[in-house]
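Scroll down for the structure; my scribbles are underneath it.
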Amino acid sequence: MKQSILFILLLLVIASCQERKEKVIDISEHTPQSDHDYNNVDTIQTDSIEGTLTRFQNMYSEIAQVRESDARNFLERFRPDSSENYIWYLADGDSLSYQRTVFKDSTKTKSAFFNWMDHEDISYFGANERIDREAMAILYTDTMILILKGDVDLKFWEEFFIEEEWMDEGDYWIKQRKFGKAQWFVREEDEFKDLTDL
């Protein structure tokens, strides 16, 4: 009797020590899969872009390629009516980010802009301080905020905005050279005046 109990216990110990094979379930067969190839970066050739981007290329022949940016624009948190976010690559290898955000009314534009200022740690409106390491330009109108960063030719962009008639609608024009400090301009009647002169 003792031998049979020992034999049963020995079988139980051996059975419990044996390696168990777990069944692995592959759920990829049961979940929906995206057809998008994330390793392939989509680029947009400039000749296929309508509107502003085409007009820009006609004025500035140095542009080599335009790509729609995947990065989220901070201003998109404030539910704009539309948002354009592009990276423009120039022939010399430099690049420029272009973010144009349009809001329903001036209240939403103002709220988004002042939140953006807080996000960028700008101490006060009109502060003579560096906003970014890169050169940048910002045009603020009643319903639009346009931000350029990177290889920004400030004189060229001012001329381009005048041609697009955006400067006529602009309330504020902020520009900063690379590693420089921001200059803030406010519309007084028909022209922009430096805030530090007022």
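The values are calculated or read from the model by the stated rules, or taken from the named source; none is laboratory data. Keep in mind the model is a prediction, meaning the values are calculated, not measured. Glycine gets a Cβ as well: all are built from the backbone with ideal geometry, and neighbour counts include every protein chain shown.
Things to note:
- Flag if Ile63 is within 30 Å of Ile145 (Cα to Cα), surrounded by 11 or more Cβ atoms within 10 Å (Cβ to Cβ), modelled with pLDDT under 65 and aliphatic (A, V, I, L, M): no
- Taking first residues from the range 70-86 that are free of Cβ contacts under 8 Å to residues at least 24 places away in the same chain and buried (at least 16 other Cβ atoms within 10 Å of the Cβ) and partners that are among the acidic types (Asp, Glu) and in a strand (DSSP E or B), the Cβ contacts under 7 Å between residues at least 6 apart in sequence or on separate chains come to Asn85/Glu68.
- Taking the range 170-198 as the range and being over 20 Å from Met144 (Cβ atoms) and among the β-branched types (Val, Ile, Thr) as the test, only Thr196 passes.
- Where a residue in the range 119-136 is under 14 Å from Val152 (Cα atoms) and touching a residue at least 12 places away in the same chain (Cβ under 8 Å) and its partner, wherever it lies, is hydrophobic (A, V, I, L, M, F, W, C) and surrounded by fewer than 11 Cβ atoms within 10 Å (Cβ to Cβ), with Cβ under 9 Å and at least six apart: Arg133/Phe179; Glu134/Phe179; Ala135/Phe179
- The residues in the range 92-107 that are surrounded by fewer than 19 Cβ atoms within 10 Å (Cβ to Cβ) and under 19 Å from Glu134 (Cβ atoms) can be counted, and the count is 4.
- Residues that are in contact (Cβ under 8 Å) with a residue 24 or more places away in the chain, under 18 Å from Arg100 (Cβ atoms) and aromatic (Phe, Trp, Tyr), drawn from the range 149-198: Phe156, Phe160, Trp166, Tyr172, Trp173
- When the range 115-131 is filtered for residues that are buried (at least 17 other Cβ atoms within 10 Å of the Cβ) and within 15 Å of the chain's Cα centre (by Cα), only Trp116 remains.
- Residue check, Gly170 among the small types (Gly, Ala, Ser) and either farther than 20 Å from Leu75 by Cβ or in contact with a helix residue (DSSP H, G or I) (Cβ under 6 Å, 6 or more places away or on another chain) (or both): no
- Residue in the range 132-150 that is of a type in the set (S, T, N, Q), under 19 Å from Arg187 (Cβ atoms) and either surrounded by 19 or more Cβ atoms within 10 Å (Cβ to Cβ) or touching a strand residue (DSSP E or B) at 6+ places or on another chain (Cβ under 8 Å) (or both) present: yes
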